[in-house]
Amino acid sequence: MPDTFLGLPTIAVAVLKGLAVVVVLFPVAAACSMAERKVCAWIQGRPGPNRALPPFLAWIPGIWIVQRLGIFNLMADGGKFLFKEEPLPDHVHRFYYVLAPLVAMVPAFTTVTVVPFGAYLGEGGRLVPLVLANVDVGILAVFAVASLGIYSLILAGWASNSKYPFLGGVRASAQLISYELSMTLSVLPVFLWVNEPGSPGTLSLTRAVEFQGGAWFILTMPVSALVFAVALFAETNRQPFDMPESEADLVGGFHTEYGAFKWSLFFVAEYANMIVGSAVFTLLFLGGWNILPGVPLALLLNWLHGATGSALWLSPAAAGLISTVILLAKVFSIIFVFMWVRWTVPRFRYDQVMKLGWQKLLPLSIVNLVAYTVGIALLQH
Amino acid sequence: MAVIQVQRRPLTLVERTYFPQILGGLMTTLRHLLGPAETMEYPEQRPAIPPHYRGVPTLVRDPKGREKCVSCQLCEFVCPPKAIRITPGSIPGDSENANVEKAPQAFDIDMLRCIYCGLCEEVCPEEAIFLQDVYSMSGYSRAEMVNHKDRLYEMGGTLPDRHLKWEAKKAAELGGGHA
């Protein structure tokens with residue numbers, strides 16, 4: 001990133017970046033919860049939340065569109081969660097009970113810092129990612145920090161000191177262990193391919209996107225993409241894998257004893273995890289900020305330049321904006337698929353989840369890894 | 001006891017991957033997602049009420065605007081939850097309908113008691129009380145939930161009457177029919 005932070009000290013810059021994450025991701029994650037309710041409603045043939053409207057805004061022409069989309073319901077929900085009474089049950093382990101929602105937020109908001117959300121072309125056509133912390137271990141950092149998120153579920157389950165949350169926490173840990181393996185193994189072929197002989201070794205997500213200027217990895221490695229997608233559903237505790245929550249058999253699962261803002265923090269964390277997970281999937285398999293397979297960002301910008309004759313398209317700002325819009329469009333499409341699947345597929349039984357994880361996905365990802373290792377070795381020699 | 005062993009076809013390999021079923025389900029939900037909403041947005045949109053719907057009991061007038069109730073109190077006596085209270089009154093002699101002799105002075109139906117059974121409609125010899133298409137009632141107090149005579153007539157309106165029996169009777173008396 002260029003030094004555009006007005007020469008502020010490093011700590012101030014870091015605080016600003018951190019605030020940016022919270023200020024952007026928190027409302028987006030909250031908006032996702034409204035999107036979830038709307039998608040659910042439309043799938044079930046209902047209009048969904050569409051009534052709330054502050055009377056002092058009613059005079060604005062066209063405000064009904066915002067009203068029909070339930071934006072004010074979302075604000076009312078948020079306000080309610082902030083101001084309603086938060087009962088603290090007598091039987092919980094107080095310190096850990098309060099700690100758990102905070103623990104949920106930290107990894108959810110930390111992973112986003114290493115995810116590049118756009119890029120522009122620096123000097124000499126070098127791709128410069130727009131990312132808060134441009135670390136070379138990219139995907140490793142995401143995996144390492146994202147798996148910490150499950151501790152909040154286990155902590156919440158245990159600290160609630162009652163049986164259903166405890167079962168939810170136990171399920172969460174079992175599910176995490178089962179699917180983390182397949183997820184990691186499914187990503188390895190991607191980086192085997194990216195780290196071609198002669199190039200410096202990297203786990204950077206930016207490099208993976210740059211590599212997909214031609215064919216996207218979802219086309220060249222469909223099995224990896226499939227295993228990663230399924231594991232992503234399981235890791236983010238989404239239907240049909242929402243074992244820790246599982247309101248039919250576990251009341252509310254790990255958050256049974258939670259209410260008000262602490263409860264909503266769990267949900268914001270879940271949606272933040274979804275956003276980051278979808279972003280990682282997009283970067284690894286869907287070509288990141290490349291608009292179509294075979295059309296890298298630089299080519300698109302050159303076309304736009306050629307078509308309009310305006311040099312504006314070649315400026316870093318235009319490139320950064322376009323790449324970010326492309327990436328976000330893909331991320332939100334994937335989040336829509338998450339919701340679409342949730343309201344379509346019934347929840348798996350616990351034994352089915354375990355069976356699928358250990359007996360199907362894990363062998364599949366191992367075979368996939370071996371096959372691609374051999375294939376890539378043959379190709380690159 | 002007869003036990004019937006059902007032979008279940010084992011799932012094929014494709015079925016065991018869950019994918020055909022999941023994709024089929026996704027198509028079904030997508031169709032619903034893009035289709036119109038099935039729900040009615042209630043206070044603005046109202047359902048069409050079928051004829052002979054048994055809603056809130058109301059009092060009706062005949063096509064000439066005469067109130068049909070003659071305060072015989074049969075409905076009051078038949079009402080199982082005792083929701084109806086009638087104070088009988090008489091029609092003054094100079095009235096056009098003086099030959100009917102009686103009309104309710106007050107007619108109250110307590111909608112907190114009414115069970116919508118329709119016995120009042122069934123028992124009424126004058127066809128004066130009908131359960132019609134009003135189905136939602138609300139109020140802030142118990143007193144508001146009692147329908148008085150004026151509101152009962154307002155909700156009831158006018159229903160066609162093929163007999164007009166009191167007019168027939170008056171005509172017969174004036175014409176010197178059998179007394």
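The values are calculated or read from the model by the stated rules, or taken from the named source; none is laboratory data. These numbers come from a predicted model, not from an experiment. With ideal geometry, Cβ positions are generated from the backbone for all residues, glycine too; neighbour counts draw on all protein chains shown.
Of note:
- For A:GLY149, the conditions (1) crowded, with 17+ Cβ neighbours inside 10 Å; (2) without any contact (Cβ under 8 Å) to a residue 60 or more places away in the chain; (3) among the small types (Gly, Ala, Ser) are fulfilled apart from (2).
- For segment B:1-26, the set of residues classified as closer than 19 Å to A:VAL345 by Cα, of a type in the set (Lys, Arg) and away from chain A (no Cβ under 13 Å) is empty.
- Subset of segment B:113-136 that is in a loop (DSSP other than H, G, I, E, B) and touching a strand residue (DSSP E or B) at 6+ places or on another chain (Cβ under 8 Å) - its residue that is surrounded by the most Cβ atoms within 10 Å (Cβ to Cβ): B:ALA128
- Pick from segment A:338-362, criterion within 14 Å of another protein chain (Cβ to nearest Cβ) and surrounded by fewer than 16 Cβ atoms within 10 Å (Cβ to Cβ), ranking: farthest from B:GLY24 (Cα to Cα): A:GLN359
- Scanning segment A:31-53 for residues that are within 12 Å of chain B (Cβ to nearest Cβ) and in a helix (DSSP H, G or I) yields a count of 6.
- Being more than 14 Å from chain B (Cβ to nearest Cβ) and part of a helix (DSSP H, G or I) is a property that A:VAL92 lacks.
- Count of segment A:54-72 residues, restricted to those that are farther than 18 Å from B:TYR42 by Cβ and not in a loop (DSSP other than H, G, I, E, B), is 8.
- Test: residue in segment B:49-66 that is among the acidic types (Asp, Glu), touching a residue at least 40 places away in the same chain (Cβ under 8 Å) and touching a Phe, Trp or Tyr at 6+ places or on another chain (Cβ under 8 Å): no
- Of all residues in segment A:363-380 being without any contact (Cβ under 8 Å) to a residue 12 or more places away in the chain and over 24 Å from B:THR17 (Cβ atoms), the one that is surrounded by the fewest Cβ atoms within 10 Å (Cβ to Cβ): A:LEU378
- Against the test of being within 29 Å of the chain's Cα centre (by Cα), within 26 Å of A:VAL331 (Cα to Cα), surrounded by 12 or more Cβ atoms within 10 Å (Cβ to Cβ) and in contact (Cβ under 8 Å) with a residue 40 or more places away in the chain, the options A:LEU127, A:LEU99 yield a single qualifying residue, A:LEU127.
- Scanning segment A:327-348 for residues that are without any contact (Cβ under 8 Å) to a residue 60 or more places away in the chain and not basic (Lys, Arg) gives A:ALA329, A:VAL331, A:PHE332, A:SER333, A:ILE334, A:VAL337.
- Test for A:VAL98: is it farther than 30 Å from B:ALA37 by Cβ, in contact with a Lys or Arg (Cβ under 8 Å, 6 or more places away or on another chain) and assigned to a helix (DSSP H, G or I): yes
- Restricting attention to segment A:103-124 and to residues that are under 17 Å from the mean Cα position of the chain (by Cα) and among the small types (Gly, Ala, Ser), the residue that is farthest from A:ASN290 (Cα to Cα) turns out to be A:ALA104.
- Hits in segment B:46-90 (condition: farther than 25 Å from B:TRP166 by Cβ and not hydrophobic (A, V, I, L, M, F, W, C)): B:ARG46, B:PRO47, B:PRO50, B:PRO51, B:HIS52, B:TYR53, B:ARG54, B:GLY55, B:PRO80, B:PRO81, B:LYS82
- Checked against (1) at pLDDT 85 or above; (2) under 27 Å from the mean Cα position of the chain (by Cα); (3) away from every other protein chain (no Cβ under 14 Å), A:PHE56 passes all but a single condition, namely (2).
- Of all residues assigned to segment B:29-44, at least one qualifies as being closer than 30 Å to A:LYS355 by Cβ and among the aliphatic types (A, V, I, L, M).
- The number of residues in segment A:287-335 being in contact with a strand residue (DSSP E or B) (Cβ under 8 Å, 6 or more places away or on another chain) and hydroxyl-bearing (Ser, Thr, Tyr) comes to 2.
- Any hit, segment A:60-70, residues being within 14 Å of chain B (Cβ to nearest Cβ), surrounded by 14 or more Cβ atoms within 10 Å (Cβ to Cβ), at pLDDT 85 or above and in contact with a Leu (Cβ under 6 Å, 6 or more places away or on another chain): no
- Only helices (runs of 4 or more DSSP H) whose full extent lies in segment A:167-249 are considered here, and none of them has at least 2 residues that are at pLDDT 80 or above and polar (S, T, N, Q).
For every residue, the table says whether it meets (1) more than 12 Å from chain A (Cβ to nearest Cβ); (2) assigned to a helix (DSSP H, G or I); (3) aromatic (Phe, Trp, Tyr).
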residue: B:THR28; (1), (2), (3): no, yes, no
residue: B:HIS32; (1), (2), (3): no, yes, no
residue: B:GLU38; (1), (2), (3): no, no, no
residue: B:GLU41; (1), (2), (3): no, no, no
residue: B:GLU44; (1), (2), (3): no, no, no
residue: B:PRO50; (1), (2), (3): yes, no, no
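- Residues that are of a type in the set (Asp, Glu) and part of a loop (DSSP other than H, G, I, E, B) were ranked within segment B:52-94; the one that is farthest from the other protein chains (Cβ to nearest Cβ) is B:ASP94.
- For segment A:214-238, the tally of residues that are touching a Lys or Arg at 6+ places or on another chain (Cβ under 7 Å) and polar (S, T, N, Q) stands at 0.
- Being out of contact with any helix residue (DSSP H, G or I) (no Cβ under 8 Å at 6 or more places or on another chain), of a type in the set (Asp, Glu) and modelled with pLDDT of 90 or more is true of B:GLU76.
- Candidates B:GLU44, B:GLU38, B:GLU67, B:GLU76, filtered to the one that is under 23 Å from the mean Cα position of the chain (by Cα) and within 30 Å of A:VAL39 (Cβ to Cβ): B:GLU44
- Screening A:SER365, A:SER310, A:SER315, A:SER333 for residues that are away from chain B (no Cβ under 14 Å) and under 23 Å from the mean Cα position of the chain (by Cα) leaves exactly one candidate, A:SER365.
- In segment A:276-321, of all residues being within 26 Å of A:TRP193 (Cβ to Cβ) and β-branched (Val, Ile, Thr), the one that is surrounded by the fewest Cβ atoms within 10 Å (Cβ to Cβ) corresponds to A:VAL295.
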